[in-house]
Structures are given as structure tokens and as C-alpha cells.
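For reference, the structure is listed below as C-alpha cells.
The values are calculated or read from the model by the stated rules, or taken from the named source; none is laboratory data. Everything numeric here is computed off the predicted structure, so don't read it as measured data. Because the Cβ atoms are built from the backbone with ideal geometry, glycine has one as well, and the counts that use them run over all protein chains shown. Calculation scope for accessible area: heavy atoms of the full protein, side chains included, ligands and nucleic acids excluded. Shrake-Rupley method; radii C 1.70, N 1.55, O 1.52, S 1.80 Å.
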Amino acid sequence: MRLPKAQGVDNSSYPVVVSVPRPALEASVPSLVELFDGVEDTKVRNEWQKAAIAALCLILVVDARQRDRASIAA
């Protein structure tokens, strides 16, 4: 599955999306949050943590859509 083509953007070189095992996804959340433990400014740390979680959610949405399409095709 390729990413949707945005107007004027060639995404033919983008990576193919693959399914991510659930244990790996669940383990990644604490790891992402802990990456920013060294950031002393609480507000900055919280914003960076939210951005990391949002990026993970994007992966989850793509995975869910891929699974839905696979189950419909089956």
C-alpha cells in the first residue's frame, strides 16, 4: 500500500507500509515517552511527548486501514 498522492507530490519512492505486531506497538509507547525524560522544561517535554504519540497514532491508523482492506478483500 502506498501513501495517497498529494497534489503535485510524487510518492512513488515512499516506503511500503507493513503491519506492525501489537506487542511492538504497545511496547513503543513507553519508549517514546521516555525519550524525552531528559528535557527539563515540562511544557516542552509534554509537547514533544504528545507529538511522538501522535506519530505513533498515525502508524496505527494506517495499520488499521490496511487490515480493514485485507479483511474486505478476503
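What the table below lists for this structure:
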| quantity | calculated |
| --- | --- |
| Long-range neighbours under 9 Å by Cβ, at least six apart or interchain, first residue more than 15 Å from E34 (Cα to Cα) within region 45-74, second open to solvent by 90 Å² or more (accessible area, probe 1.4 Å) and at pLDDT below 80 | D63/V18; Q66/V18 |
| Residues within region 28-37 that are in a helix (DSSP H, G or I) and open to solvent by 60 Å² or more (accessible area, probe 1.4 Å), tallied | 3 |
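Rundown of residues vs (1) in contact with a strand residue (DSSP E or B) (Cβ under 9 Å, 6 or more places away or on another chain); (2) open to solvent by less than 70 Å² (accessible area, probe 1.4 Å); (3) not in a helix (DSSP H, G or I), yes/no style:
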site: V39; (1), (2), (3): no, yes, yes
site: R45; (1), (2), (3): no, yes, no
site: R65; (1), (2), (3): no, no, no
site: R69; (1), (2), (3): no, no, no
